[in-house]
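> For reference, the structure I am asking about is given below.
The values are calculated or read from the model by the stated rules, or taken from the named source; none is laboratory data. All values reported here derive from a predicted model rather than from experimental measurement. Neighbour counts are summed over all protein chains in view; Cβ atoms, including those assigned to glycine, are modelled from backbone coordinates with ideal geometry. Side chains are part of the model used for accessible areas, which takes the heavy atoms of the whole protein and leaves out ligands, DNA and RNA. Shrake-Rupley method; radii C 1.70, N 1.55, O 1.52, S 1.80 Å.
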Amino acid sequence: MIVRRLANGLRVHAITQPGAKRAAALVRIETGSCHEPDAWPGLAHLLEHTLFAESARYRDQQRLMPWVQRQGGQLNATTRGEQTAFFFEVGSGRLADGLERLLDMLSAPAFPLAALQAETAAIDAEYGLLKRHGETLREAATLLACTGSPALHRFHVGSQATFGEDTQAIRAALRDFHQRHYHAGNMSLWLQGPQSEETLMALSAPWAQLPNGAEPFPIALPLAVEPRRMALKLAETPLLRLAFAVDNHPAIVEAAALLQGFIQDDAPGSLAQALGKQAPGARPALRQVLENPHTRILAIDLPCGEAAPESIAALFFDWLAQLQRQSPEIARHYATLARREFNAGSPLEQLRSRALMLGEAACSKAWRPLLQAITPDSLLRLYSTPRLDGQTVNSLGFRLEMGEYPSTSDVLPVTGWQFMDDHCPALSPTPLRSVELAQLTWQGAPAFLLGARLPDGQGLALQLVCAPLAAACRHYGGDMEFNCVDGEWLLSLSGPPLVMEWALDSVLNAFGQMTPETWRRGEIARARQEQQLMGEIALRALMAQLPALLGPPEDKPYWQAALMGGDDALRRQLAQRLSRLPWPLTRDKAPAPAASGHHYLPANNDEAAILLFCPAPDTLPASESAVRLLAALLAPDYFRQLRDELRVGYAVSCRFHQSAGCCGLLFMAQSAHFSAQTLLDITRTFLERAQPQLAALTPEDLAPLLAASGKPPSETPLIQAALTWQAHRRHGQASHDVPTPDTLYRLYRQILAEPARWLAVQNPQNSGVV
Ligand SMILES: [Zn+2]
């Protein structure tokens, strides 16, 4: 990484990521909700939203947002207490074009009145969603115990009520706030991609025009967290948060990232495994709650299950004491592992982590002092539970139900803590039997795949027994996951051949020892997931249930396996190990036809939410790539019409969706004031009215989308191998057909002609909407 300051004071960070296909940019402004004038709560957030509207040089479809969507890229922005950030990721060749748009929108925004109206409405809807968002409420409760800045506790999100109706006045306030804070000395630019660091640095040259304002840097004070004990009512699985403040110093931040690695480790004998006994499927985490120039506020979240929070705290401090006794070699091994996982992230994931979270881990000189500073008396304890009698307290504009922290504790079984190194255990003898194992050509590192359509409770039970083995496998230099990928539960495994063999052997051994008790833990995890989904915004809950609706699990699961790449010796070894799978393997089986019609799925019903899935007419590879393009073409218009013009609400999108062996267009929308039926009608009409636009498509319209190739960016090599295998089973070969305007239009007509195959999903009817 190289860091330079341009003449105007802008700090530029350039990071080369060899081999990346995409490149990302992030701008961080050292101004956030805490700096807005008292008269304008939510102004920083509104500014973040309205900067995406037109600017001096870019209007309509040329603006950053629709442009990035057309490139098949991704973008977003975030407003926090003390910072605001804008970021996007596109094909590496398009980074310069994106940067020009980003620079123009940050330096010369037009603030069109129509956009101000649309965005105040969008923020009002967003506020409505956040009021019920567990993580947001937990953060608001955490800040109750934070001191150092009175602005911390003010209303930050904004709403129609705080913005008012006078758009001229809003515009004047936005202009003033923008001019005051969005200047070069108050910003940093982060660039990451496959380009050399000098090439990336050269892309920042136009940013030297950015004015450096006379306004001084906003003054920040050190923050502190009071070691209080608080309880918050939240309709999700009980959780204990331990929060504390650390100095914002690079060595401390690196050490905190290392502690994050230890806390999230799921290997046998880990903290995560001990907590998993109390709450199957829930994972501990370390997060950053707040950052200012002096201080970072960090939180360790520990799932409690039915155990009292004080018992969980005691368990954590017991583990921490053991961690302090570990050698520097162990700490360095965990740091190496954490960096390996960090480096596997996409350019944008890495930039977001560097600029907005903890970034890369290291066993820095602050490692021991950090551990020593975390003591039972120094931490805020915030227990959240659905079962609480509380009183309403306001924080950041949210109504929190706060109650008494339970001081009781019960004795949990003593845990034998273990910390891993990179030494893979010896292999058990190879079985003499062997099974047939398909081997596919694959350019990436060899990957073994084993999958079946299972009911979620069973899949989760197997995932729970896999988890510690997968974590151990990562310590040994391999990579293993057991996940639901597009509706299919998949074991995916890569790494050095001996580690692959060890991992497969261990997993099949664990599968062979499943008991009624281990299966039951899967059901507990499923129930917890369902409960969690009810707390999510409705669209997310519907989306999570879509794959199972499209391709329900088989009555009698059949397992399929393949080796992607690798040599014959590896295939033979794995085929012998695979003979110990306790369930029958199948070679080929056609997927069942997808579901269609109108369905109700359980989800939070404060707002109406719908999904409309329009499947491709067949599973041919050409149709799949055409649907990808069609989705990318329709997405910006759908978003504009529903969110900006009809103002249905905050969450609206159109995208390519693939699961359970079929792919198609997926529309989703959520609204506080339109009914599900109306949302579906609007969506169907939108699709019908796209006809003239799609009939008039030219090859030039498709060129940027084709260049972006449409593949989602943040897939790990293992997931890529899994998706390739799934595609192979669907159509037998990869696609090389390039869609043309003609094939796209024909596909669109076919989709339109078969509404009987469409799948409409909604949450239970809400009576309060029209
Ligand atoms: Zn927002």
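> Of all residues in the stretch 344-394, which are free of Cβ contacts under 8 Å to residues at least 40 places away in the same chain and under 30 Å from S92 (Cα atoms)?
Residue satisfying the conditions is S353 alone.
> Of the residues L460, L533, L490, which is in a helix (DSSP H, G or I) and closer than 20 Å to I719 by Cβ?
L460
This table checks each residue for (1) under 19 Å from R643 (Cβ atoms); (2) in contact with a His (Cβ under 8 Å, 6 or more places away or on another chain).
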| residue | (1), (2) |
| --- | --- |
| D104 | no, no |
| Q117 | yes, no |
| L144 | no, yes |
| S149 | no, no |
| H156 | no, yes |
| T162 | no, no |
| E165 | no, no |
| Q168 | no, no |
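> Of the residues that make up the stretch 39-56, is at least one in contact with a Phe, Trp or Tyr (Cβ under 6 Å, 6 or more places away or on another chain), under 17 Å from D104 (Cβ atoms) and part of a strand (DSSP E or B)?
Scanning the stretch 39-56 turns up no residue that is in contact with a Phe, Trp or Tyr (Cβ under 6 Å, 6 or more places away or on another chain), under 17 Å from D104 (Cβ atoms) and part of a strand (DSSP E or B).
> On to the next question. Does D606 qualify as being part of a loop (DSSP other than H, G, I, E, B), surrounded by 17 or more Cβ atoms within 10 Å (Cβ to Cβ) and acidic (D, E)?
yes
> When you go through A525, A544 one by one, which is the residue that is open to solvent by less than 30 Å² (accessible area, probe 1.4 Å) and in the same structural domain as L570 (by TED's automatic domain parsing)?
One residue alone meets the criteria, A525.
> For the stretch 108-126, what are the residues that are over 24 Å from the mean Cα position of the chain (by Cα) and either within 16 Å of the ligand (Cβ to nearest atom) or surrounded by 19 or more Cβ atoms within 10 Å (Cβ to Cβ) (or both)?
Within the stretch 108-126, P109, F111, A115, L116, Q117, A118, T120, A121 meet the criteria.
> Among the candidates G42, G19, single out the residue that is in contact (Cβ under 8 Å) with a residue 24 or more places away in the chain and either more than 16 Å from the ligand (Cβ to nearest atom) or open to solvent by 10 Å² or more (accessible area, probe 1.4 Å) (or both).
Only one candidate qualifies: G19.
> Residue check: is L358 surrounded by fewer than 20 Cβ atoms within 10 Å (Cβ to Cβ) and in contact with a helix residue (DSSP H, G or I) (Cβ under 6 Å, 6 or more places away or on another chain)? Lay out the reasoning, then the answer.
Working: surrounded by fewer than 20 Cβ atoms within 10 Å (Cβ to Cβ): no; in contact with a helix residue (DSSP H, G or I) (Cβ under 6 Å, 6 or more places away or on another chain): yes.
For L358, the condition - surrounded by fewer than 20 Cβ atoms within 10 Å (Cβ to Cβ) and in contact with a helix residue (DSSP H, G or I) (Cβ under 6 Å, 6 or more places away or on another chain) - is not met.
> Here's something else I'd like to know. Please work out which residue is least open to solvent (accessible area, probe 1.4 Å), limiting yourself to the stretch 127-159 and to residues that are within 16 Å of the ligand (Cβ to nearest atom) and among the polar types (S, T, N, Q).
Among residues in the stretch 127-159 that are within 16 Å of the ligand (Cβ to nearest atom) and among the polar types (S, T, N, Q), the one least open to solvent (accessible area, probe 1.4 Å) is S159.
> Additional query: Is it the case that A470 is surrounded by 19 or more Cβ atoms within 10 Å (Cβ to Cβ), aliphatic (A, V, I, L, M) and not in a strand (DSSP E or B)?
Yes: the conditions hold for A470.
> Which residues, counting only those in the stretch 310-355, are open to solvent by 30 Å² or more (accessible area, probe 1.4 Å), part of a loop (DSSP other than H, G, I, E, B) and under 30 Å from I29 (Cβ atoms)?
A344
> Out of the residues in the stretch 57-91 that are open to solvent by 30 Å² or more (accessible area, probe 1.4 Å), in a strand (DSSP E or B) and touching an Asp or Glu at 6+ places or on another chain (Cβ under 7 Å), state the one that is nearest to the ligand (Cβ to nearest atom).
Looking at the filtered set, the residue picked out is T79.
> Another question about this same structure. For the stretch 588-603, which positions are at pLDDT 90 or above and open to solvent by less than 70 Å² (accessible area, probe 1.4 Å)? Before you say what the answer is, go through the steps one by one.
The initial filter retains those residues of the stretch 588-603 that are at pLDDT 90 or above, namely 597-601.
Listed by number, the residues that qualify are G597, H599, L601.
> What residue, of S623, S653, is open to solvent by less than 20 Å² (accessible area, probe 1.4 Å), touching a helix residue (DSSP H, G or I) at 6+ places or on another chain (Cβ under 8 Å) and of a type in the set (G, A, S)? Steps first, answer last, please.
Values: S653 fails: open to solvent by less than 20 Å² (accessible area, probe 1.4 Å).
That would be S623, the only listed residue that is open to solvent by less than 20 Å² (accessible area, probe 1.4 Å), touching a helix residue (DSSP H, G or I) at 6+ places or on another chain (Cβ under 8 Å) and of a type in the set (G, A, S).
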